[in-house]
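Accompanying notes for the structure given below.
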Amino acid sequence: MTSSKQALAQSAPSADAAPGEQPGAARGAQGRGTPPPGPSSWRSRLYRWDMKASPYAFISPFFIFFGAFSLVPLLYTAWYSLHNVQLADLDNQTWAGLDNYQNLFSSDFFWNSLWVTLLIGVISTVPQLIMAIGLAHLLNYKLRGSTVWRVVMLTPYATSVAAATLVFVLLYSWDGGMINWLLDFVGVDPINWRESDWGSKFAVSTIVIWRWTGYNALIYLAAMQAIPADLYESASLDGANRWQQFRHVTVPQLRPTILFTVVVSTIGATQLFGEPLLFGGVSGSKGGSDHQYQTLGLYMYDQGWVIGNLGKASAIAWSMFLILLLIAVINLLVSRRLRKSQ
């Protein structure tokens, strides 16, 4: 009996040991949590290093391209804005400090371009978003060929800016344009859209409206389809018609989406460049003969690439960047207030 108990006591450590572990004193000398020596320890280190480094390696291409094509040019533009730099002599740079900004804020052309940008932004954004909500509301109901209509809504957004603008240039042509033909048909004198103050702004705004209404309509449509159907059923049981359901159910549920589209459209209006440039033809960079539709983007292009004053153009670019930051701050404050109200 005694010998059998001793044999069981000696075999117990070996039975409790996990596969691959050394029993008894050898295991105690090695210690818990210490990887075994040899090739397995290198494999475990390589595995731990791979687990830590792989996520950074996967996301590194974005940061590399962002740094090379966004961050570095942004910082270099800030450096240029503090110097007198001419396009024809890039190696000759002299320190100017804040002179470029002082000259910019004292220039009537800058304030005119800022006003034009704001005005075209309002003229193009408000009708655009109103029509987008209406189209999305129609598409939200079951229609025949709904997929086809959605593709049609997205077609203007996929169209090239140059192609779309050239078509509108033909439509707004002074001699033989379809718009003036329609005006003459109803007894209104033809309008010189390029030289007119409000006419040119309206013409550029219609290009923006045509290109972006369908895009915003699809965003609103996606938000509408996420609204619970129980809300509409409850409103219908209370006697609300479709218009009342739209006012009291759809629009309140779309507030975050509407805020998003307003911010995105405002940012796009601040950076408006291609449409007025191509609409103006030869005088496109000037925004017309009297700068009547010269946006901030056109003013920056005119100063940097036509006149060749890269220092002042960089100051305009940073002014636009600060305006966009202000829009982002306003968006953040409004979003917080909407979340609190809900």
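The values are calculated or read from the model by the stated rules, or taken from the named source; none is laboratory data. As the structure is a prediction and not an experimental result, all values here were calculated from the model. Counting neighbours? That spans all protein chains shown, and the Cβs are built from the backbone with ideal geometry, glycine included. Remember, those area values only see protein heavy atoms, side chains included, never the ligands or the DNA or RNA. Shrake-Rupley method; radii C 1.70, N 1.55, O 1.52, S 1.80 Å.
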Taking segment 262-291 and keeping only residues that are open to solvent by less than 30 Å² (accessible area, probe 1.4 Å) and not hydroxyl-bearing (Ser, Thr, Tyr), one is left with VAL263, ALA269, LEU272, GLY274, GLU275, PRO276, PHE279, GLY280, GLY284, GLY287, GLY288
Within segment 236-261, residues being assigned to a helix (DSSP H, G or I), open to solvent by less than 60 Å² (accessible area, probe 1.4 Å) and of a type in the set (A, V, I, L, M, F, W, C) number 5
Quick count over segment 303-322, residues being touching a residue at least 12 places away in the same chain (Cβ under 8 Å), under 30 Å from PRO256 (Cβ atoms) and open to solvent by 50 Å² or more (accessible area, probe 1.4 Å), is 1
Within segment 295-302, does at least one residue satisfy the condition of being at pLDDT below 90, among the small types (Gly, Ala, Ser) and surrounded by 13 or more Cβ atoms within 10 Å (Cβ to Cβ)?
no
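Listed here are the residues, each with its yes/no results for (1) surrounded by 11 or more Cβ atoms within 10 Å (Cβ to Cβ); (2) modelled with pLDDT under 90; (3) part of a loop (DSSP other than H, G, I, E, B).
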{"position": "LYS5", "(1), (2), (3)": "no, yes, no"}
{"position": "GLY28", "(1), (2), (3)": "yes, yes, no"}
{"position": "SER40", "(1), (2), (3)": "yes, yes, no"}
{"position": "ARG45", "(1), (2), (3)": "yes, yes, no"}
{"position": "TYR80", "(1), (2), (3)": "yes, no, no"}
So GLY268, is it part of a helix (DSSP H, G or I) and over 30 Å from ARG339 (Cα atoms): no
Scanning segment 151-187 for residues that are of a type outside the set (A, V, I, L, M) and open to solvent by 80 Å² or more (accessible area, probe 1.4 Å), the one modelled with the lowest pLDDT turns out to be ASP175
Expected single match for surrounded by fewer than 18 Cβ atoms within 10 Å (Cβ to Cβ) and touching a residue at least 40 places away in the same chain (Cβ under 8 Å) among ASP230, ASP197 is ASP197
- Query: Is it the case that segment 110-131 has a residue that's over 30 Å from TRP318 (Cβ atoms), of a type in the set (A, V, I, L, M) and surrounded by 15 or more Cβ atoms within 10 Å (Cβ to Cβ)?
  - Reply: yes
inquiry  = Can you confirm whether GLY121 is assigned to a loop (DSSP other than H, G, I, E, B) and out of contact with any Phe, Trp or Tyr (no Cβ under 9 Å at 6 or more places or on another chain)?
reply    = no
Across segment 281-318, the tally of residues that are out of contact with any Lys or Arg (no Cβ under 9 Å at 6 or more places or on another chain) and more than 25 Å from GLY97 (Cα to Cα) stands at 8
The condition of being among the hydroxyl-bearing types (Ser, Thr, Tyr) and over 26 Å from the mean Cα position of the chain (by Cα) holds, among SER146, SER124, SER160, only for SER146
Checked segment 212-222 for anything of a type outside the set (Phe, Trp, Tyr) and open to solvent by less than 20 Å² (accessible area, probe 1.4 Å); matches are THR213, GLY214, ASN216, ALA217, LEU221
Taking segment 124-151 and keeping only residues that are farther than 19 Å from VAL264 by Cβ and either touching a residue at least 40 places away in the same chain (Cβ under 8 Å) or touching a strand residue (DSSP E or B) at 6+ places or on another chain (Cβ under 8 Å) (or both), one is left with HIS137, LEU139, ASN140, ARG150
Reported set for segment 172-230 where residues are of a type in the set (Asp, Glu) and over 30 Å from ILE133 (Cα atoms) is ASP175, ASP184, ASP189, GLU195
